[in-house]
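The values are calculated or read from the model by the stated rules, or taken from the named source; none is laboratory data. The shown structure was predicted, so the numbers you read here are calculated from the model rather than taken from an experiment. Every residue, glycine as well, gets a Cβ built from its backbone with ideal geometry; the counts of neighbours run over all protein chains shown. Accessible surface areas use protein heavy atoms only, side chains included; no ligands, DNA or RNA. Shrake-Rupley method; radii C 1.70, N 1.55, O 1.52, S 1.80 Å.
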Amino acid sequence: MKILMVCLGNICRSPLAEGILQHKVNEKGLNWQVESAGTGSWHVGEQPDPRSIDVAQKYGIDITYQRSRQFKANDFDRYDLIYAMDSSNYQNICKLASSDAQKQKVELIMNMANPNRNQSVPDPYWDDNGFEQVYQMLDEACEAVLTKYNV
Ligand code: 4NP
């Protein structure tokens, strides 16, 4: 299984989502690959935001190896599942899809934990206090991904 986590800048939310899910699948010994990207290009090549690095570290997860990259149309061919952090990311990813099969790979990540609510993971970039909440939401959603696939 290859999974791509997508947010806007690929420095706050999706690096955390990548780190959390990759950590969980490694603990279970699964051969899944989790990566992340951003719909925007402003932060390409950068490390995750220090506030994301810190909250991940607090829970024993290292995300310092990650570097931001931009989502591109051929990612639809490279991944089985594409999880968007918010509804704006979701729409921007879907705009690049060239078939219904591609669009069907895209899902709002919080719908894994709370189906059909179409809840967004709030953008914590402008809020120093938002990172813990983002971590907890993503931890719940990533756990639900494993449950959905019975692992
Ligand atoms: P992310 O957060 O999408 O969770 O990585 C953001 C990072 C940077 C910006 C916005 C959101 N920005 O405007 O530069």
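Taking each residue as 0.36 nm, the span from ASN129 to LYS148 lengthens on full extension beyond its C-alpha to C-alpha distance by 3.8 nm.
Straight Cα distances below 24 angstrom link LYS24 to the lysines LYS2, LYS58, LYS105, LYS148, with same-chain residues fewer than 8 positions distant left out.
Modelled this way, with points 7 Å down the Cα-to-C-beta line, the labels at ASN114 and TYR59 are 1.6 nm from one another.
Could you tell me which of rounded, prolate or oblate describes segment 58-110, using a ≥ b ≥ c as the square roots of the eigenvalues of the alpha-carbon gyration tensor, with rounded for a/c under 1.5 and, failing that, prolate when a/b is larger than b/c and oblate otherwise? Prolate.
In the context of the full set of protein chains, the chain has a per residue accessible area of 49 Å² (1.4 Å probe). For segment 90-102, 3J(HN,Hα) computed residue by residue from phi via the Karplus equation (6.51, -1.76, 1.60; θ = phi - 60°) reads 4, 5, 5, 5, 4, 4, 8, 6, 10, 7, 5, 4, 5 Hz, glycine and proline entered as x.
Annotation: amide H-H contacts under 5 Å for LEU108 (H modelled 1.01 Å from N, sequence separation of 5 or more, or interchain): ALA84. Value of Rg to Rh for segment 102-151, rounded to two decimals, is 1.03; Kirkwood radius and Rg both from alpha-carbon coordinates. Each peptide among 95-101, 63-69, 128-134 gets the average number of other Cβ atoms lying within 10 Å of its residues, and from highest to lowest they stand as 63-69, 128-134, 95-101. On full extension, the segment bounded by TRP42 and GLU107 gains 21.0 nm, given 0.36 nm per residue less the C-alpha separation. Karplus-derived 3J(HN,Hα) values for segment 63-80, using 6.51 cos²θ - 1.76 cosθ + 1.60 with θ = phi - 60°, are 10, 5, 6, 6, 9, 5, 9, 8, 4, 9, 4, 6, 4, 4, 7, 8, 10, 7 Hz; glycine and proline are entered as x.
Under the shape rule built on the C-alpha gyration tensor, where the axes satisfy a ≥ b ≥ c, segment 16-64 is oblate, since a/c reaches at least 1.5 while a/b does not exceed b/c.
Between GLN91 and MET1, the distance separating the two model label sites (each 7 Å from Cα on the Cα→Cβ line) works out to 2.9 nm. Taking LEU30, LEU81 and ordering them by how much accessible surface each has at a 1.4 Å probe, largest first, produces LEU30, LEU81. Between amide H atoms placed 1.01 Å from N, distances below 5 Å from ASP49 occur with CYS12, all of them 5 or more places distant or on a separate chain. Using a probe of 1.4 Å, the accessible surface attributed to MET137 totals some 20 Å² when neighbouring protein chains are kept in position. For the chain, what does the alpha-carbon gyration tensor say about shape, rounded, prolate or oblate, given a ≥ b ≥ c as the root eigenvalues, a/c under 1.5 as rounded, and a/b over b/c as prolate? It is rounded, given that a/c, with a ≥ b ≥ c, falls under 1.5. In order along segment 137-151, phi translates into HN-Hα couplings of 5, 5, 4, 5, 5, 5, 4, 5, 4, 4, 4, 4, 9, 6, 10 Hz, rounded to whole numbers, per the Karplus curve 6.51 cos²θ - 1.76 cosθ + 1.60 with θ = phi - 60° and x for Gly and Pro.
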